Amino acid sequence: MFALAEKFRTASSQPLRGKILATLFYEPSTRTRLSFESAMLKLGGNVISTENAQEFSSAVKGESLADTIRIVAAYADAVVLRHYEPGAAQTAANISPVPIINAGDGAGQHPTQALLDLYTIWKELGRVDNITVVFVGDLKYGRTVRSLCYLLGKFERITIIFIAPHTLTINDDIKSYLQRHKITFKEQESLEKALPLVDIVYMTRIQKERMSPAEYAATKKKYTITEDNLQLLQPQARLLHPLPHVEEIQLSINTEQKDNRVAYFRQAANGLYIRMALLYYLLNNKN
């Protein structure tokens, strides 16, 4: 996948000419939806889309997800689905005759984000094995953290540090998975103690839409990256974020543009190429 992504950075061919991608989003999205649509167009394909299927599809009339997928799959060669319910992508895949790509299912998974995150780590560090990663913020509802943990479990000599408000700690299913795959991990409270020790800082926002107002108010500024604590990072370390970032990143535009350790905009850009690779893998030479 990484080799394909690298190829598509410079390739001008359009191997998916005549193919149609449907993007069906029941939750808001900027990077995921637009990068998938851009990826398909760059590969020569076409796109049909709804950016708010909860409001602008027959879901508003009470149509089930299963019926919607049956219809949309008849119009497209693949479907990119974002849904607010964990497991929705699996439900869709069980009935769809065309590939279903999970673009995020509630607090469940976001596997293509994990692919681009891992691709970014590989490009920035030159390796995926033998790294230390700290995950910071909303680890309870953060589907990007969950998916990246699953991928990191496939590699060697990985150390993970989890730092979160006490109400938003990582779920036990992820801990069990890491234990089964012999991944070293620990939970701690101090971000500043972790920063000098890690290769990757993976910040996440506190997800206001998945919690009560009181819980959000109590946790939203618990952990932040500032101009001061950014200096605790080693020169070769990288700061990632699935975006959008809000209160948890307090850096100037100048720092974001000029400090090479700040990699989250390069990370977002990488999503285009890894999604081009995925679409090509799924749809090339498929009838």
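Here, each number is a calculation from the coordinates, and none is a lab measurement. Here the structure is a predicted model, which means the values were calculated and not measured. When we count neighbours, we look across all protein chains shown, and the Cβ atoms used for this are built from the backbone with ideal geometry, even at glycine.
Please give the residues of region 220-239, grouped as numeric ranges, whose backbone N is less than 20 Å from a label point set 7 Å along the Cα-to-Cβ vector of Asn254.
Backbone N within reach: 225-233.
Label region 1-140 by shape, choosing from rounded, prolate and oblate, from the square roots a ≥ b ≥ c of the eigenvalues of the Cα gyration tensor; if a/c is under 1.5 it is rounded, and otherwise prolate applies when a/b is larger than b/c, oblate when it is not.
Values: a/c = 2.32, a/b = 1.29, b/c = 1.79.
It is oblate, given that a/c is not under 1.5 and a/b is not larger than b/c.
For the chain, with only Lys/Arg (+1) and Asp/Glu (-1) charged at the beta-carbon, what is the dipole magnitude about the Cα centre, in debye rounded to 20? If you can, show how the numbers build up before the last one.
Working: 34 positive and 29 negative charges, 146 e Å.
In debye, rounded to 20, the chain gives about 700.
Can you compute the label reach from Asp129? Point 7 Å from Cα along the Cβ direction, backbone N cut-off under 11 Å, restricted to region 171-188.
Flagged as within label range: none.
Multiply the residue gap between Asn171 and Arg17 by 0.36 nm, knock off their C-alpha separation, and tell me the result in nm, one decimal place.
Values: separation 154, 0.36 × 154 = 55.44 nm, distance 4.25 nm.
Gain on stretching Asn171 to Arg17: 51.2 nm.
Highest mean first, how do 154-160, 108-114 rank when packing is the count of other Cβ atoms within 10 Å averaged over residues? The partial results should precede the final answer.
Details: 154-160: 16.3, 108-114: 22.3.
Going by the mean number of other Cβ atoms within 10 Å, highest first, we get 108-114, 154-160.
Relative contact order of region 128-287, please, whole-number percent, based on alpha carbon pairs below 8 angstrom and at least 6 residues apart.
Numbers: 240 pairs, mean separation 34.7, N = 160.
Relative contact order for region 128-287 comes out at 22 percent.
Please list, ordered by chain and number, the residues whose modelled amide H lies under 5 Å from the amide H of Ile249; skip anything fewer than 5 residues away on the same chain.
Ile225
If I require 24 Å or longer along the helix axis, counting alpha carbons, and a Kyte-Doolittle average no lower than -1.0, what helices from the chain are left? Use full DSSP H segments.
Working: long enough: 264-283 (28 Å, 0.60).
Taking the DSSP H segments of the chain (at least 24 Å long, mean hydropathy at least -1.0), we get 264-283.
Let me have the relative contact order for the chain, percent, based on Cα pairs under 8 Å that are six or more residues apart.
19 percent
Along Cα→Cβ, 7 Å out, is where each label goes; now give me the distance between the ones at Ala269 and Ala214 in nm to one decimal.
If labels sit at Ala269 and Ala214, their model points lie 4.5 nm apart.
What distance in nm separates the two pseudo spin-label positions at Gln188 and Ile48, each 7 Å out from Cα along the beta-carbon direction?
Each label point lies 7 Å from its Cα, and together they span 5.3 nm.
Below 8 Å between Cα atoms, with a sequence gap of 6+, how large is the relative contact order for region 38-192 in percent? The partial results should precede the final answer.
Details: 225 pairs, mean separation 23.0, N = 155.
Worked out over region 38-192, it gives 15 percent.
Listed here are the pairs Lys221/Lys258; Lys42/Lys221; Lys154/Lys193; Lys123/Lys182; Lys42/Lys140; Lys7/Lys220; which of them are more than 31 Å apart at the Cα? Before the final figure, lay out each step's value.
Working: Lys221/Lys258 25 Å; Lys42/Lys221 39 Å; Lys154/Lys193 27 Å; Lys123/Lys182 25 Å; Lys42/Lys140 36 Å; Lys7/Lys220 40 Å.
Result: Lys42/Lys221; Lys42/Lys140; Lys7/Lys220 exceed 31 Å.
Once phi is turned into ³J(HN,Hα) by the Karplus curve 6.51 cos²θ - 1.76 cosθ + 1.60 with θ = phi - 60°, what whole-Hz value does each residue of region 17-28 show in order, with x for glycine and proline?
4, x, 8, 10, 10, 9, 10, 10, 10, 8, 10, x
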